[in-house]
Amino acid sequence: MSRHAVSYWVLPGPEAQVRLNQLSLLACEGMSHGGGFCMLPPHITLYSHPLDADQPKSEGAVIDRLQQLADRHQPVLLSPKAIEATETFTQSLVLRFNSEALRELQPWFQQFCLSSPNALGYKLDPHVSLLYSQAPFAFRREAAKRIALPTYPLLFERVSAVTHPLTINSSADIAACTTLQEYSLLPS
């Protein structure tokens, strides 16, 4: 089995990205005494599967799938529901979206399920990880309490394909994330 995976992300537009970056910076301030942390560009993971490094056309197929997604979908407004801390490294401090976000993104997820090989059993859970941290859960929980939830929808208008280690458990794994391709979603 491959030691790398590819994930398909939906990315915020410029205004939403600024707001999400501000939330991440607030989260970092709240974690400054709790241990190390790292960040990725704000995104929602739509789907992940192992990357078949032995197949020379594998990355091309990933880019084709991403292009098909960009061709079939438009920018989407998603409403935040909560800011939460978890004990999972990849969801250390997250911005969760309401149930409408799951309904909006489910067709995107299904498109990948039907066209992607070697599923990892990924379950769609619309959220943005504000930071990744090994800090104790108590520090994460306190940081989540100090961050104000955005009261307005956030516009997501780009998609990307990113390669990364098959499992992500450290800042080194986060640093190994590499964007293969990005496309803008065009309004109808």
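Annotations for the structure displayed:
- Across the stretch 40-49, rounded Karplus estimates of 3J(HN,Hα) from the backbone phi angles (6.51 cos²θ - 1.76 cosθ + 1.60, θ = phi - 60°) give 10, x, x, 6, 10, 7, 8, 6, 9, 8 Hz, Gly and Pro being marked x.
- In this simple spin-label model, placing a label point 7 Å from the Cα along the Cα-to-Cβ direction at both Q110 and N169 gives a separation of 3.6 nm.
- Note on the chain: GNM, Cα springs under 10 Å; of T90, T178, T151, the largest mean-square fluctuation is that of T151.
- When a 1.4 Å probe is rolled over the protein heavy atoms, the share of accessible surface on the chain that falls to carbon and sulfur comes to 53 percent.
- Exposure of L66 as accessible area (Å², to 10), given a probe of 1.4 Å and all protein chains: 0 Å²
- Compared with the dominant principal axis of the Cα atoms in the chain, helix 58-72 is inclined by about 80°.
- Solvent-accessible area per residue in the chain equals 50 Å², computed with a 1.4 angstrom probe and all protein chains kept.
- The rule of thumb for compact globular proteins, 2.2 N^0.38 Å, goes into the C-alpha radius of gyration of the stretch 72-177 1.17 times.
- Helix axis angle, 14-31 relative to the chain longest principal axis, alpha carbon, degrees: 50 degrees
- Largest first, the extents of the alpha carbon coordinates of the stretch 104-164 on the three principal axes equal 41, 30, 18 Å.
- On a per residue basis, the convex hull of the C-alpha atoms belonging to the chain measures out at 107 Å³.
- Note on A61 and E182: with the Förster distance fixed at 22 Å, the Cβ-Cβ geometry gives a FRET efficiency of about 0.85.
The values are calculated or read from the model by the stated rules, or taken from the named source; none is laboratory data. None of these values were measured; they are calculated from a predicted model. Reconstructed Cβ throughout: ideal geometry from the backbone, glycine too, with neighbour counts over all protein chains shown. Areas reflect the complete protein model, heavy atoms only, side chains present, ligands, DNA and RNA absent. Shrake-Rupley method; radii C 1.70, N 1.55, O 1.52, S 1.80 Å.
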